[in-house]
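No value in this document is a laboratory result; all are computed from the given coordinates. No experiment lies behind these values; they were computed from the predicted model shown. Ideal geometry is used to build each Cβ from the backbone, glycine not excepted, and the neighbour counts take in all protein chains shown.
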Ligand code: SF4
Ligand code: SF4
């Protein structure tokens with residue numbers, strides 16, 4: 001049972017609380033003005049935080065040496081995705097040594113929870129989560145990332161090559 005006590009006579013006046021709050025605010029402001037190096041906040045967007053190499057940000061579809069997609073449309077990433085935000089349409093490849101390839105690969109980034117399961121599930125290092133974490137866009141923008149964005153967006157500079165080169169791929173029998 002909670003008992004509501006009558007407020008004491010001192011707490012009826014807000015002045016002490018307001019004064020303490022203002023002193024705290026102004027002392028922090030003065031400290032930050034004269035000791036900017038010690039500030040624990042960043043002046044975003046001019047300053048951006050550098051996350052470690054294990055950070056799981058926006059997805060990247062990796063490419064082979066010839067620039068084509070590494071993905072074999074095996075659907076393991078889509079099957080493992082808890083948010084069910086990956087959609088893949090597979091097609092037969094002209095090359096008989098390649099079983100399938102994705103004619104479309106889409107991630108609905110607004111549903112993604114950035115868990116990394118897609119990256120973990122992929123047997124051929126075809127999808128990775130990179131260092132980019134900003135997904136801002138204007139209202140009405142398309143938040144479904146397609147192959148063009150996932151593999152060839154300008155900041156990937158022609159695509160990120162898969163760690164699994166062809167020689168290794170044959171060795172592991174994929
Ligand atoms: S990070 Fe998780 S939620 Fe996002 S696409 Fe991959 S598996 Fe799905
Ligand atoms: S990204 Fe990897 S797991 Fe997903 S369909 Fe392509 S090869 Fe399979």
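Against the main long axis of the alpha-carbon atoms of the chain, helix 15-34 sits at an angle near 50°.
Once the convex hull of all Cα atoms in the stretch 59-171 is built, its volume per residue stands at 108 Å³.
With contacts taken as Cα pairs under 8 Å at a separation of at least 6 residues, the chain carries a relative contact order of 25 percent. Roughly how many Å is it from the Cα centre of the stretch 54-86 to that of the stretch 93-156, as a whole number? Taking the Cα centre of the stretch 93-156 as reference, the centre of the stretch 54-86 is 5 Å away.
Taking 154, 82, 45 as the candidate residues, the one with maximal mean-square fluctuation in a Gaussian network model of the chain, Cα springs under 10 Å, is 45.
Using just its DSSP H runs of length 4 or more, each adding -39500 (n - 2.57), the chain gives a mean residue ellipticity at 222 nm of -6500 deg cm²/dmol after division by all residues.
First measure r as the distance between the Cβ atoms of residue 121 and residue 141, then evaluate 1/(1 + (r/R0)^6) with R0 = 30 Å and state the FRET efficiency to the nearest 0.05.
Details: r = 28 Å, r/R0 = 0.94.
E(calc), rounded to 0.05, equals 0.60.
Using a simple spin-label model with pseudo-atoms 7 Å out from Cα toward Cβ, residue 132 and residue 48 lie 0.9 nm apart. Working ranking of peptides 68-77, 18-27, 50-59 by packing, defined as the average number of other Cβ atoms within 10 Å per residue, highest first, is 68-77, 50-59, 18-27.
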